[in-house]
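To start, the structure under review is shown below, and the notes come after it.
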Amino acid sequence: MKRLSLFLSAALLACGPRGAGTFQVTVSGGERAERGFAPSLLRDRWGLTFTRYLVSVGDLEASRDGARLERPGVHVVDVQKGTRDLFPWSDVPAGRWDIAFSLRPPPPEATSHGVADEDVREMRANGWAYLVEGVATRTGVGTTRFRVGLPLNHRYTRCTNGLDGTLGLVVGDGATETLELTMHVDHMLYDRLGTHRGVNLRFDAWTSRATPEGLVTLAALERQDLLDLRATDGGPLLDIDGARVVYDPGSFDVRTLDRFVAQSLKDQAHLNGGGLCTVSPLGEGS
C-alpha cells in the first residue's frame, strides 16, 4: 500500500484531537457499464453491450482549512465488472473534506485491478485514460463491434457529494464513509456538449465509419466530420425520422466525432453518483 502523505496546518493541530474515520474508495460505472443500453434508450435504436470499460483514475486528495491529505497512485479498473473497491483511506481526521482526483493515462507504476497488462501498456502508449470495448446491435441492420481508446488528462476538484448535494465529504469519528468515483458512461453517446438537457444518445455516427470487418476504432471517429456526418453508403447521415443527424458542440471548438466524444467524457466522472466537480487540464487548478 502506498504511503499516505499527511500535511496538517498549525491551526488544525491547535484544535486538538477530533477523532478519525475512514473513506472507503471505490470506482463504479453503474448499471449501464455492467448491463449496457437497450435499443429503446438510443435515438437511433442501437443496443450496446460492453465487454470492457477500462478507466485510469487516481491521485486522490482531501483538503480543508489549509490541511491536505494525499493518496498518490493511479488505478486501472474495468467498471464493466461492477463497482471496484480500491482501498480504505483510513486515519482521516473527522470533519468535512474537499475531494479531488485525476483521470489520466496510466503511468508505469499504476496499479491494475484485474486488467490485462497489455491493455494497460496500450493505454499508456497512446495516452488513453479510457479503453472501451463491446458490441452494438440494431434490428434490421446487424451487429458491429467497437474498441475505442480515448485520451483524457484532467483534474477534478471542488466535488459535490451526489448523495446529499453538499460540497465534499464528511467523515465522523470511527465512521466509514463511501468515496465513490462514479463514471456516467452515457456521456460517450451524447449528441450535445455543455448541457444535460435535450440530449439524445446516438451511435449511428460511430458505426457508419466502421472497418469492412465491422469494427469501430478511434480512427473511425476521427473520420466523422461533425459538419458533414456521413452514413455507411457515403450519403448524409439521417435519423429515424429522415432528418439529418446533428451533433451540437455548443461553445467548444471540436470538428470531428473523436474530439466531440473526448470532450463529453471530461464531464463523465462524478463523486458518489451524481456529484459534480470542477474540471481542468492537469497542471491547472490542481
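The values are calculated or read from the model by the stated rules, or taken from the named source; none is laboratory data. A quick note: this is a predicted structure, and the numbers were derived from the prediction, not measured. Cβ placement follows ideal geometry from the backbone for every residue including glycine, while neighbour counts extend to all protein chains displayed. Side chains are part of the model used for accessible areas, which takes the heavy atoms of the whole protein and leaves out ligands, DNA and RNA. Shrake-Rupley method; radii C 1.70, N 1.55, O 1.52, S 1.80 Å.
Before moving on, here are some points about what is shown:
- Residue within region 149-165 that is of a type outside the set (Ser, Thr, Tyr), farther than 25 Å from Glu34 by Cβ and in contact with a Leu (Cβ under 6 Å, 6 or more places away or on another chain) present: yes
- Region 204-226 - residue that is open to solvent by less than 10 Å² (accessible area, probe 1.4 Å) and among the hydrophobic types (A, V, I, L, M, F, W, C) and, of those, nearest to Asp248 (Cα to Cα): Ala205
- Region 160-206 - residue that is in a loop (DSSP other than H, G, I, E, B) and of a type in the set (A, V, I, L, M, F, W, C) and, of those, nearest to Asp78 (Cα to Cα): Phe203
- Identity of the residue in region 105-156, open to solvent by less than 20 Å² (accessible area, probe 1.4 Å) and of a type in the set (Phe, Trp, Tyr), that ends up farthest from Ser208 (Cα to Cα): Tyr156
- Selection from region 244-258 of residues that are part of a loop (DSSP other than H, G, I, E, B) and closer than 14 Å to Ala205 by Cβ: Val245, Val246, Tyr247, Pro249, Val254, Arg255
- The set of residues in region 233-264 that are of a type in the set (S, T, N, Q) and either at pLDDT 95 or above or surrounded by 13 or more Cβ atoms within 10 Å (Cβ to Cβ) (or both) comprises Thr256, Gln263, Ser264.
- Within region 161-203, considering residues that are open to solvent by 50 Å² or more (accessible area, probe 1.4 Å) and closer than 30 Å to Arg255 by Cα, the one nearest to the chain's Cα centre (by Cα): His184
- Residues satisfying the stated conditions in region 259-286, i.e. part of a loop (DSSP other than H, G, I, E, B) and in contact with a helix residue (DSSP H, G or I) (Cβ under 7 Å, 6 or more places away or on another chain): Asp267, Gln268
- Residues satisfying the criterion are absent from region 35-46 (criterion: out of contact with any Phe, Trp or Tyr (no Cβ under 9 Å at 6 or more places or on another chain), part of a strand (DSSP E or B), open to solvent by 50 Å² or more (accessible area, probe 1.4 Å) and at pLDDT 95 or above).
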